[in-house]
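What follows is one structure encoded as structure tokens, with my remarks underneath.
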Amino acid sequence: MQMGDETRQRVKFTDDRVCKSHLLDCCPHDILAGTRMDLGECTKIHDLALRADYEIASKERDLFFELDAMDHLESFIAECDRRTELAKKRLAETQEEISAEVSAKAEKVHELNEEIGKLLAKAEQLGAEGNVDESQKILMEVEKVRAKKKEAEEEYRNSMPASSFQQQKLRVCEVCSAYLGLHDNDRRLADHFGGKLHLGFIQIREKLDQLRKTVAEKQEKRNQDRLRRREEREREERLSRRSGSRTRDRRRSRSRDRRRRRSRSTSRERRKSSRSRSRDRHRRHRSRSRSHSRGHRRASRDRSSKYKFSRERASREESWERGRSERGATDWRLESTNGKTASRRSEEKEAGEI
């Protein structure tokens, strides 16, 4: 499909409406134009300016348009092969059945015809290009092949009845699905194998093989790149996990250290507290023991003192009682004496008075 100036300004070569086969110069609509199998105008956009843009851009980056072009050509060639098989089937139904031996001899003639046609087409092309010497060499090869063909035709003629030999035997071209006759002359063969239709199909098939190879290489490269990126990503993830694990281990270690320090600090505090409590208890116990001992000693001293005082008091009382007793007797004696004395004095006084 041709483009106007307005459309050309709006559309880029990456647009889906642009024919990728045209950008790669392998669209069957362009190659087979003007032949018996002219496909007409392509449904997608064809523009030489877009092809030039693509060629410039493809040098900087891989656009991978080969895959689209390959799908297009595969679809076209598959349809062509389908027509070839249908033509073979119709020939098998319409032509007389021959034995396998005769069929092989006829196939040999067809192969030699094809070789002659290709050589003649090549010789004509070289002659048109001005390479006369090479063209003459190829024509000499054509003469040799013609001699082989004559022998093959003789063998084929002798292997079947004359009536059947005169019947035109057709063959379907495997490249372009055109019909070829067993008895076609050199001119007819040269026109076919050197014609635009046959060469166009050769170009399409060769381009398809090249695209398949290119796509396979690029896919392999992409797979390797994808695999390498995945390995790098996995390696980075492993390193990240290891780093995270080491970080977590360090955090856990620091956490364990903190817990241990806290535990040791707590243990020390507990031990200190325990020792303090123990010391307090020991001190209180010692204090109580000392108090008890002092109390006991004091009580003992008190008891001893009391006992001693009691003994002393008892002794004093006993001494006092003893002394009292002794004093009593003495006093009594004294009193008695004093009484007697007083009595005598009283008597003496009374006597004096008298």
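Computed from point charges on the beta carbon alone (+1 for Lys and Arg, -1 for Asp and Glu), the dipole magnitude for region 13-94 about its Cα centre is near 440 Debye.
By the gyration tensor of its Cα atoms, with a ≥ b ≥ c the square roots of the eigenvalues, what is the shape of region 54-204: rounded for a/c under 1.5, prolate for a/b over b/c, or oblate? Oblate, since a/c reaches 1.5 and b/c is not below a/b. FRET efficiency for the pair THR35 and ASN223, taken as 1/(1 + (r/R0)^6) with r the Cβ-Cβ distance and R0 = 30 Å, rounds to 0.15.
Projected label points at ARG248 and GLN136, each 7 Å from Cα along the beta carbon direction, are separated by 8.7 nanometres. If only the Cβ of Lys and Arg carry +1 and only the Cβ of Asp and Glu carry -1, the dipole of region 98-196 around its Cα centre is close to 240 debye. Working ranking of peptides 215-223, 186-194, 43-51 by packing, defined as the average number of other Cβ atoms within 10 Å per residue, highest first, is 186-194, 43-51, 215-223. Region 191-247 and region 13-29 have Cα centres separated by 20 Å. In order along region 56-70, the Karplus-derived 3J(HN,Hα) couplings, from 6.51 cos²θ - 1.76 cosθ + 1.60 at θ = phi - 60°, round to 5, 5, 5, 6, 8, 8, 8, 8, 6, 6, 4, 5, 5, 5, 5 Hz, and Gly and Pro are given as x. Ranking ALA121, HIS110, VAL132 by Cα position along the charge dipole of region 98-196, where only Lys, Arg, Asp and Glu carry charges on their C-beta atoms, puts HIS110 farthest toward the positive end.
On a per residue basis, region 98-196 carries 57 Å² of accessible surface, using protein heavy atoms and a 1.4 Å probe. Listed cross-link partners LYS105/LYS144; LYS88/LYS221; LYS44/LYS213; LYS118/LYS218; LYS137/LYS196; LYS12/LYS118 are compared with a 30 Å cut-off, the Cα-Cα value being larger for LYS88/LYS221; LYS118/LYS218; LYS12/LYS118. In this simple spin-label approximation, GLU232 and ASP16 carry label points 7 Å from Cα along the Cα→Cβ vector, and these lie 3.2 nm apart.
With all protein chains in place and a 1.4 Å probe, the accessible surface of region 98-196 carries 50 percent carbon and sulfur. In terms of its C-alpha gyration tensor, region 13-94 has a prolate overall shape, because the principal axis ratio a/c (a ≥ b ≥ c, square roots of the eigenvalues) is not below 1.5 and a/b outweighs b/c. When the solvent-accessible area of region 13-94 is split by element, carbon and sulfur atoms take up 51 percent of it, the probe being 1.4 Å. Please give the net charge around LYS44, taking every other residue with its beta carbon less than 11 angstrom from that of LYS44, where Lys and Arg add +1 and Asp and Glu add -1. That works out to -3. Residues whose amide H falls under 5 Å from that of LEU180, counting only those 5 or more places apart or on a different chain, are ARG171, VAL172, CYS173, with hydrogens built in the peptide plane.
The values are calculated or read from the model by the stated rules, or taken from the named source; none is laboratory data. Values in this document were obtained by computation on a predicted structure and should not be read as measured data. Quick reminder, even Gly has a Cβ in these numbers, built from the backbone with ideal geometry, and neighbours come from all protein chains shown. These accessible areas exclude ligands, DNA and RNA; they are computed on the full protein's heavy atoms, side chains included. Shrake-Rupley method; radii C 1.70, N 1.55, O 1.52, S 1.80 Å.
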